[in-house]
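Peer 1: Questions regarding the structure given below will be posed in turn.
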Amino acid sequence: FFDMAWAYFEKAATDHVVHAELFFDPQTHTERGVDIGVVINGLHRACRQAQAQLGISASLILCFLRHLSEDAAIATLQAALPYRHQFIGVGLDSSERGHPPEKFARVFAQAKALGLHLVAHAGEEGPPAYIEAALDVLQVQRIDHGVRCVESPALVQRLAASRVPLTVCPLSNVKLCVYPTMADHQLPALLDAGLCAMVNSDDPAYFGGYLNDNLLATFNALPQLGAAQAHALLRNSFEAAFVPPAQRDAWIAQLDAAFAQAAADVGA
């Protein structure tokens, strides 16, 4: 687990990533007899080394597999408690269809009581109602994917007003046939509506693209996106990060300065 995470961090460093919040699915491994401590300790050691050697801030988010039962998720959370200091939140991933967020209401309530951050995959393969349930029932702070919110104008207005972040993963969306091609992606509409959308890599080894691959594919396919949208997407990613406000503000200041300098260089 250390080797796998470290390989990711080395690649992320070449993309100039400064902060990463890594999802991991312990149930994939505990179901085949791997102790959850082996999973978490290995990943966390890589996070510490990424900070020390690469200057990348990194945190872990423990995800529950939604095609499994809520009882299995609760057991996973309980098993992870001895390692509580090594992860910052819980999430919900795997197949959306037939597994609505409310199926996991109890385990998310338990996680919230522990002071963990809450996120969930919703509105990628599943309908906009899954986004609403993730917000209202699970009380998540961030929606992973969420692109199908565009099918509900009322939900788009709600997300814009609340600034609930959407971690959009364009290459993954195309691979999973959410959109036929990248040119069909609704990311421009999300930005135009004022949503706190950003670009992420999902499972880069599976879906064929790390962060910059996703950004390049998106901007190459969608000519209506330009420097202003790039600035907004990256700014939103820092706004959505689970980091201390002072660190967030410092990163945003660096980002703003970089875009201001780039604009000045173009105009020179």
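The values are calculated or read from the model by the stated rules, or taken from the named source; none is laboratory data. Here the structure is a predicted model, which is why all the values come from computation and not from measurement. Cβ: placed from backbone, ideal geometry, glycine included. Neighbour counts: every protein chain shown.
Peer 1: What single numbered condition from (1) modelled with pLDDT under 95; (2) surrounded by 12 or more Cβ atoms within 10 Å (Cβ to Cβ); (3) closer than 26 Å to Val140 by Cα; (4) out of contact with any Ser or Thr (no Cβ under 7 Å at 6 or more places or on another chain) fails to hold for Leu233?
Peer 2: (1)
Peer 1: Between residues in the range 244-268 that are within 19 Å of His117 (Cβ to Cβ) and not assigned by TED's automatic domain parsing to the domain that holds Ser57 and residues that are surrounded by 13 or more Cβ atoms within 10 Å (Cβ to Cβ) and at pLDDT 95 or above, which pairs lie under 6 Å by C-beta distance while being six or more apart or on different chains?
Peer 2: Within 6 Å, the pairs are Arg248/Phe238; Trp251/Phe238.
Peer 1: Go through (1) at pLDDT 95 or above; (2) surrounded by 12 or more Cβ atoms within 10 Å (Cβ to Cβ) for Asn220 and report which single condition fails.
Peer 2: Just one mismatch for Asn220, condition (2).
Peer 1: For the range 65-157, please list each of the strands (runs of 3 or more DSSP E) lying entirely inside it that holds at least 1 residues being out of contact with any Gly (no Cβ under 8 Å at 6 or more places or on another chain) and buried (at least 17 other Cβ atoms within 10 Å of the Cβ).
Peer 2: Answer list for the range 65-157: 89-93, 142-145.
Peer 1: Restricted to the range 160-175, and to residues that are in contact (Cβ under 8 Å) with a residue 40 or more places away in the chain and touching a Cys at 6+ places or on another chain (Cβ under 9 Å), which residue is nearest to Pro127 (Cα to Cα)?
Peer 2: Among those residues, the one meeting the criterion is Pro165.
Peer 1: Please verify whether Arg32 is part of a loop (DSSP other than H, G, I, E, B), at pLDDT 95 or above and charged (D, E, K, R), treating the condition exactly as stated. It would help to see each step written out before you state the result.
Peer 2: Values: part of a loop (DSSP other than H, G, I, E, B): yes; at pLDDT 95 or above: yes; charged (D, E, K, R): yes.
Judged against the criteria, Arg32 is a match.
Peer 1: Same structure again: Give the residue, chosen from Ala12, Ala20, that is assigned to a helix (DSSP H, G or I) and either of a type in the set (Ser, Thr, Tyr) or within 22 Å of Asn236 (Cα to Cα) (or both).
Peer 2: That would be Ala12, the only listed residue that is assigned to a helix (DSSP H, G or I) and either of a type in the set (Ser, Thr, Tyr) or within 22 Å of Asn236 (Cα to Cα) (or both).
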